[in-house]
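Read the structure below first, then the notes.
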Amino acid sequence: MRKRAFLPLAALLGLSAVVAQGTEPVAPDYTPAIDRAIAADRLIQAEAMLGRKDIVLPGPDRARLAASLLLAQRRDAEAFTRFEALLATQPDDCRLQAGAGIAALRLGRVGDAGPRLRAATAACADDAKAWGGLAMLEDKAANWDRSADAYGRAIALTPDDPALLNNAGVSLLAQRRYADAARTFRQALLLDPANERAKNNLDIARVANGERPSFNAEDDSQRRAERLNNAGYMALLTGDEGAATRYFAEAIKVNPFEFRTAEANLGDVSGAAGATP
């Protein structure tokens, strides 16, 4: 009978060592997960992940993510400084351009924001935040055609962003396109019914368009008074002192507590009406 040949134990151990080395798991890349956490406003999670020593990230990615987290936390001055420092060595990274541009815009540094946001949208046409920032920049200069184009691009990329829709509505308010603004605020509220900014802006658009605010069942007397006061203020801005007086008086009436803001506004209207030209 022919004897079977066996490999020496050392050879077997060597072989299994090679297999083990060849199948050793590669450390996962957490960069996309942290990016998603920041984009979804899960900032505590993103900060915790960045602080973990067992998560290995490439240096440039860690620095960019840290700057992006600062921007999401509204620490705009720190974010701008970080983004600008990174751009010194990575000038073609459109994510850095967008971050620096948005931070500069929030800081009122229009001269810095413009070049950065335009570079970001030119290099990364799928960056909705960069387009939204550029739209707001064009609003500041009353470049309505350009802002409309930028809002359109941003909304096409993220149609379910209520904050973006609210900003687009504010742009329409500034153009006195009140009916269009009201429709845009309603779209924002369909996505986020609790969005107080969009609610207030919808009131403003409706009153400016000659309509009356419509109250929701959940609006308590304090909230109704605030909305009526806002309606009165908008009526005053559009030159309808009669409507303003009615809204301010109603705001005082529906509030069970003393509503000093509406009282002061009503006094201003009455004083202006009684003044001699």
Residue selected from the range 213-245 under the condition surrounded by fewer than 18 Cβ atoms within 10 Å (Cβ to Cβ) and of a type in the set (Ser, Thr, Tyr), by the criterion modelled with the lowest pLDDT
Ser214
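Regarding the range 60-68, can at least one residue be identified that is on the phi < 0 side of the Ramachandran plot, assigned to a loop (DSSP other than H, G, I, E, B) and either surrounded by fewer than 15 Cβ atoms within 10 Å (Cβ to Cβ) or of a type in the set (Gly, Ala, Ser) (or both)?
Taking the range 60-68 and keeping what is on the phi < 0 side of the Ramachandran plot, we get 60-68.
Keeping just the survivors that are assigned to a loop (DSSP other than H, G, I, E, B) gives none.
So far as the range 60-68 goes, no, none of its residues is on the phi < 0 side of the Ramachandran plot, assigned to a loop (DSSP other than H, G, I, E, B) and either surrounded by fewer than 15 Cβ atoms within 10 Å (Cβ to Cβ) or of a type in the set (Gly, Ala, Ser) (or both).
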So if I check each of Phe259, Phe248, which one is of a type in the set (Phe, Trp, Tyr) and modelled with pLDDT of 80 or more?
Phe248
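Does Pro32 satisfy the criteria of being loosely packed, with under 13 Cβ neighbours inside 10 Å, modelled with pLDDT of 50 or more and farther than 26 Å from Arg75 by Cβ?
Numbers: loosely packed, with under 13 Cβ neighbours inside 10 Å: yes; modelled with pLDDT of 50 or more: yes; farther than 26 Å from Arg75 by Cβ: no.
No; evaluated as a whole, the condition is false for this residue.
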Given the structure, is Asp41 part of a helix (DSSP H, G or I), charged (D, E, K, R), surrounded by fewer than 17 Cβ atoms within 10 Å (Cβ to Cβ) and touching a residue at least 12 places away in the same chain (Cβ under 8 Å)?
no
Kindly list, by first and then second residue, each pair from a residue in the range 227-254 that is farther than 15 Å from Ile204 by Cβ to a residue that is of a type in the set (Ser, Thr, Tyr), limited to pairs with Cβ atoms under 6 Å and residues at least 6 apart or on different chains.
Val254/Ser221
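The values are calculated or read from the model by the stated rules, or taken from the named source; none is laboratory data. Quick caveat: nothing in here was measured; it's all calculated off a predicted structure. In this analysis, Cβ positions are derived from the backbone assuming ideal geometry, glycine residues included, and neighbour counts consider all displayed protein chains.
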